[in-house]
1. Please compute the length gained on full extension between ALA125 and ARG79, using 0.36 nm multiplied by the number of residues separating them and subtracting their Cα-Cα distance.
2. What list of ³J(HN,Hα) couplings, whole Hz, do you get for the stretch 143-156 from phi and the Karplus terms 6.51, -1.76, 1.60, once you set θ to phi - 60° and write x for glycine and proline?
3. Collect residues whose amide H, placed 1.01 Å from N in the peptide plane, falls under 5 Å from the amide H of ALA114; neighbours closer than 5 in sequence don't count.
4. Amide H to amide H under 5 Å from THR129: which residues, 5+ apart in sequence or cross-chain, H placed 1.01 Å off N in plane?
5. About its Cα centre, what dipole magnitude does the stretch 59-193 give when the only charges are +1 on Lys and Arg Cβ and -1 on Asp and Glu Cβ, stated in debye to the nearest 20?
6. Given 0.36 nm per residue, what is the gain on full extension from LEU171 to ASP112 after removing their alpha carbon distance, in nm?
7. Going by average Cβ density within 10 Å per residue, which order do the peptides 100-113, 157-170, 137-150, 64-77 take, highest to lowest?
8. Calculated FRET efficiency, GLU61 and TRP92, Cβ-Cβ r, R0 45 Å, to nearest 0.05?
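Since every read-out is calculated from the coordinates, none of them should be taken as a lab result. Bear in mind the structure is a predicted one, so any value in this text is a computation, not a measurement. Glycine gets a Cβ as well: all are built from the backbone with ideal geometry, and neighbour counts include every protein chain shown.
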Amino acid sequence: MSSMPELSAIPWAVRKQRNKRPHLPWAKSGKESGSESANNASGNTDSGNTKPQSPGNAQPEANAEAVATRKALGQSAERAARLKLESHGLVWVCSNFRCKVGEIDLIMRDGDQAVVVEVRTRTNARHGTALESIGHHKQRKISKAALYWWTTLGQRHFTGMRFDAVGMDPLSTDNSPNENTSASHMTWVKNAWMLD
């Protein structure tokens, strides 16, 4: 009898004998992976079982270009949304307000009311519309950032606050990417959500 107290239904002797590594049917057995690592350590990478590298690891500069393209697309969408809202009489207050709890794309003035605007854009319709992408989690995050802005700056200058959303979707119905924001349909939703 061992001096170890039994803390589970499996006896200690059986637990001690069990294999520490779980068997995963899709993973290679220990013998194969050991010989492959030995081949790689000796510089022999011609083992017939070469794994293709994932696109994220193979081309970091391509990922950087994609990020820069998405960022530029988002900035042009925010400019287009700002121009549309200004054409409807709203006055720009600030863009891209960042704080420890999140970011607000646009803050506009509508009379004596502050308007917090979330701008979303889509290059294709594969994953739904731009406005559908503003889920409850995103609304809460924007609301927290807006409350932070309201308590630090907003309540001095405004009597109320509302949340609007601007979505930019491609005009074409196919799933091909559409980088041109001028060829997009813009939808503005006033009072898109309320504070909880």
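1. 14.4 nm
2. These are the phi-based 3J(HN,Hα) values: 4, 5, 5, 5, 5, 4, 4, 4, 6, 8, 10, x, 5, 6 Hz.
3. When sequence neighbours closer than 5 places are left aside, the close amide H contacts are THR159, GLY160, MET161, ARG162.
4. Close amide H contacts, sequence-distant or interchain: none at all.
5. 500
6. 17.7 nm
7. 157-170, 137-150, 100-113, 64-77
8. Between GLU61 and TRP92 the formula returns 0.80.
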